[in-house]
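What follows is one structure encoded as structure tokens, with my remarks underneath.
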Amino acid sequence: MSFRRIEDAPSNKTALVRVDFNVPMADGKVSDDTRLRAALPTIHALQAKNCKIALLAHFDRPKGKRVPEMSLKPVAEPLGRLLGAPVGFAGDCVGDEASAAIQALPAGGVILLENTRFHAGEEKNDAELAKQMAALGAFYVNDAFSAAHRAHASTEGVAHLLPAYAGKQMERELDALNAALGNPKRPVLGIVGGAKVSTKLDLLQNLIAKLDRLAIGGGMANTFLFAQGHDIGASLAEKDMADTARAIMKAAEGKCKLLLPVDVVVATEVKPGVAARIVGLDAVGAEDKILDAGPETLRRLIAAINDSATLIWNGPLGVFEAPPFDKATVAAAKHAAALAKAGKLVAVAGGGDTVAALNHAGVTDDMTFVSTAGGAFLEWMEGKPLPGVEALKHG
Ligand code: ADP
Ligand code: MG
């Protein structure tokens, strides 16, 4: 994938850097600094180029107004601690205060600018706001993949006004995503699970066009089983999506091999200690809820993973939050992660609950890449162009 990278950026200039500092806060303090640490490689790379660094970020949803509780100020101090040098703070992301503070920075110095969403123009991608942002730097770096699906002033508008580069974190994410779906080593297997077909229609449609095999699990598989004429009892399903499920199965014919459950784990309630049963598709009782994939389905999935060079995964295979219904998800995750760690599989995953499921399985670090970008990751899996990424291909 071609986009500009920090190596190509100039030295001895001011870099305007969009980061994701939408961090969890408790009592006005950063309670988890994962996102601050994620920005360090980009900051260090720019410091090595002797650049001044002005950080742009949004926090929460102030909806275009100054909301004191949504200030980014509490982020400056912990970021400074991680960098080993104080990080300044300017009370606005544009204008004289920001500009004077940047002027005063030494080479390699870092300043954090106030929440971009305090300006109504941010989410409207207002041209004037983007121009004021651009006036602060000589070039722009976007390191916030998680915000790249939004065309906002700080993610898209400004990228067209300055030479624009991907930050280190953005670069790592784009390279991993490209290796999984853009230009993957084949055969490529997808696993899509989760609750509903309706939230993942575009995703399914994009994947059947691009993958060699697609395993469908979780609640959404129930809708497919129902569409095939199976009795799914009291399972979560979207019966009104049966036609859509049939259309997807038809569209996949001859292009992408679909793997649907052939056996399932059922219970009458999602409750700790409830009796879980493994049954074939013809033996789901009227009161039964399908809550996980069965052992034969898991065996076939593992065989498919073994036969693949690349895996792209979104959505758990069962109600993993309630063991024992985490079994198929955990077993498939452990298997994929072990192959990835051994260099035999490119295994990329993402999605809010998927990240939680992989953490629960204890395999996040062994996967090739796990995206925490949420909406941006899903839109990318849907094959949609991300405005913040597209802008890095021009600028
Ligand atoms: P992600 O956030 O990774 O995109 P989703 O939000 O689509 O994933 O789906 C995750 C949810 O799907 C989990 O809360 C899980 O409990 C639920 N789920 C998985 N399998 C089933 C099932 N068989 N029945 C009901 N819910 C399920
Ligand atoms: Mg979710």
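The values are calculated or read from the model by the stated rules, or taken from the named source; none is laboratory data. Just so you know, these numbers come straight off a predicted model, no measurement behind them. Here the Cβ is made from the backbone with ideal geometry for all residues, glycine too, and neighbour counts use every protein chain on show. Heavy atoms of the whole protein, side chains included, go into the accessibility calculation; ligands, DNA and RNA do not. Shrake-Rupley method; radii C 1.70, N 1.55, O 1.52, S 1.80 Å.
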inquiry  = Against the definition (over 29 Å from LEU181 (Cα atoms), part of a loop (DSSP other than H, G, I, E, B), within 25 Å of the chain's Cα centre (by Cα) and of a type outside the set (A, V, I, L, M)), how does ARG66 come out, yes or no?
reply    = no
remark   = Expected output for region 230-242 (first residue more than 16 Å from ligand 2 (Cβ to nearest atom) and part of a loop (DSSP other than H, G, I, E, B), partner open to solvent by 40 Å² or more (accessible area, probe 1.4 Å) and among the β-branched types (Val, Ile, Thr), Cβ below 8 Å, 6+ apart or cross-chain) is ALA234/THR268
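Considering each residue of region 210-232, count those that are open to solvent by 20 Å² or more (accessible area, probe 1.4 Å) and either under 19 Å from ALA332 (Cα atoms) or in contact with a Gly (Cβ under 8 Å, 6 or more places away or on another chain) (or both), and give that number.
Counting residues in region 210-232 that are open to solvent by 20 Å² or more (accessible area, probe 1.4 Å) and either under 19 Å from ALA332 (Cα atoms) or in contact with a Gly (Cβ under 8 Å, 6 or more places away or on another chain) (or both) gives 3.
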request  = Name every residue in region 183-199 that is at pLDDT 95 or above and either more than 16 Å from ligand 2 (Cβ to nearest atom) or not in a strand (DSSP E or B) (or both), in order of residue number.
outcome  = PRO184, LYS185, ARG186, PRO187, VAL188, LEU189, GLY190, GLY193
ask   = Based on what the data block shows, is ALA286 in contact (Cβ under 8 Å) with a residue 24 or more places away in the chain, within 24 Å of the chain's Cα centre (by Cα) and open to solvent by 20 Å² or more (accessible area, probe 1.4 Å)?
value = no
ask   = Exactly one of (1) outside any helix (DSSP H, G or I); (2) in contact (Cβ under 8 Å) with a residue 24 or more places away in the chain; (3) surrounded by fewer than 19 Cβ atoms within 10 Å (Cβ to Cβ); (4) of a type outside the set (D, E, K, R) is unmet by GLY318. Its number?
value = (3)
request  = Have a look at ALA347, ALA332 and point out the one that is buried (at least 17 other Cβ atoms within 10 Å of the Cβ) and in a strand (DSSP E or B).
outcome  = ALA347
query = Just to be sure, is LEU189 more than 15 Å from the chain's Cα centre (by Cα) and either within 16 Å of ligand 1 (Cβ to nearest atom) or open to solvent by 10 Å² or more (accessible area, probe 1.4 Å) (or both)?
reply = no
query = For GLY294, are the conditions met, namely being on the phi > 0 side of the Ramachandran plot, at pLDDT 95 or above and in the same structural domain as ASP263 (by TED's automatic domain parsing)?
reply = no
ask   = Considering ALA275, ALA342, which residue is out of contact with any Leu (no Cβ under 9 Å at 6 or more places or on another chain) and modelled with pLDDT under 95?
value = ALA275
ask   = Can you tell me which residue in region 303-315 is surrounded by the most Cβ atoms within 10 Å (Cβ to Cβ), limited to those that are more than 9 Å from ligand 1 (Cβ to nearest atom) and part of a loop (DSSP other than H, G, I, E, B)?
value = SER308
query = GLY352 passes all but one of (1) away from ligand 1 (no atom under 13 Å from the Cβ); (2) modelled with pLDDT under 95; (3) under 25 Å from the mean Cα position of the chain (by Cα); which number fails?
reply = (1)
query = Residues in region 128-156 that are farther than 23 Å from ASN50 by Cβ, open to solvent by 10 Å² or more (accessible area, probe 1.4 Å) and small (Gly, Ala, Ser): how many?
reply = 2
inquiry  = Checking the condition within 15 Å of ligand 1 (Cβ to nearest atom) and either of a type in the set (Phe, Trp, Tyr) or outside any loop (DSSP other than H, G, I, E, B) (or both), which residue from VAL284, VAL274, VAL279 passes?
reply    = VAL279
Conditions (1) within 25 Å of VAL262 (Cα to Cα); (2) part of a helix (DSSP H, G or I); (3) away from ligand 1 (no atom under 12 Å from the Cβ); number of the one not met by VAL389 = (1)
request  = For region 158-186, name all the residues that are of a type in the set (A, V, I, L, M, F, W, C) and open to solvent by 50 Å² or more (accessible area, probe 1.4 Å).
outcome  = LEU161
message = Checking the structure you have, find out if any residue of region 199-209 is touching a Cys at 6+ places or on another chain (Cβ under 8 Å) and open to solvent by less than 60 Å² (accessible area, probe 1.4 Å).
response = yes
request  = State yes or no: is ALA76 open to solvent by less than 20 Å² (accessible area, probe 1.4 Å) and farther than 23 Å from ALA148 by Cβ?
outcome  = yes
